[in-house]
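Following: one structure in structure tokens, then a few remarks.
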């Protein structure tokens, strides 16, 4: 009897669980050589699912229903890689490598090292700094300050030549992509490689360095 009562209590608790919030958005027009993910988890826990702008059938109905949320007068908000909230908080969102590049450039330009550490750096890369002897955030900040100019030069070149012949993009592992300047440019840049990692929360920055 007690086991049955406990099972009933668990079932009732599960029934009271807050429903998952799902938002449907038109698929963004991206051009960094990769396909965007089908969905991602936003910082507030919302599951964002992308559908084609001209979707019909079930996808079209879901997109229309999402647009109708909140009175039916506004379409779902456009994807913003960087957003400043009313309280001044900055939120970074990255679905593709170019979002990481753009957000990283803004952080280097504004010297927002803590923002990079908290929202842009891949978990594994942050964990490496946090291991004994890694130096933690202070070591990461020192690297950013020292390499601010060459990092911005590299990111700027990759932003404007992402689909050109001077940047080679290739997967190197599950969810990991490496962008490398072609060797004939290496004499012009102190840093030449950027690695990206696809995570459930979006694309993240794994590393910026001189050699593959």
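The values are calculated or read from the model by the stated rules, or taken from the named source; none is laboratory data. Here the structure is a predicted model, which means the values were calculated and not measured. Note that each Cβ is placed from the backbone with ideal geometry, even for glycine, and that neighbours are counted across all protein chains shown.
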The range 168-212, residues that are within 21 Å of residue 118 (Cα to Cα) and in a loop (DSSP other than H, G, I, E, B) | 175, 200, 201
Exception for residue 134 within (1) without any contact (Cβ under 8 Å) to a residue 40 or more places away in the chain; (2) touching a strand residue (DSSP E or B) at 6+ places or on another chain (Cβ under 7 Å) falls at (2)
Among the residues of the range 136-144, is there at least one that is under 18 Å from the mean Cα position of the chain (by Cα), crowded, with 19+ Cβ neighbours inside 10 Å and either assigned by TED's automatic domain parsing to the domain that holds residue 196 or in a helix (DSSP H, G or I) (or both)?
-> no
Among residues belonging to the range 120-131 that are without any contact (Cβ under 8 Å) to a residue 24 or more places away in the chain and either in a loop (DSSP other than H, G, I, E, B) or out of contact with any strand residue (DSSP E or B) (no Cβ under 9 Å at 6 or more places or on another chain) (or both), point out the one that is farthest from residue 103 (Cα to Cα).
-> 131
Please indicate, with yes or no, whether at least one residue in the range 159-167 is closer than 28 Å to residue 84 by Cβ and part of a helix (DSSP H, G or I).
-> yes
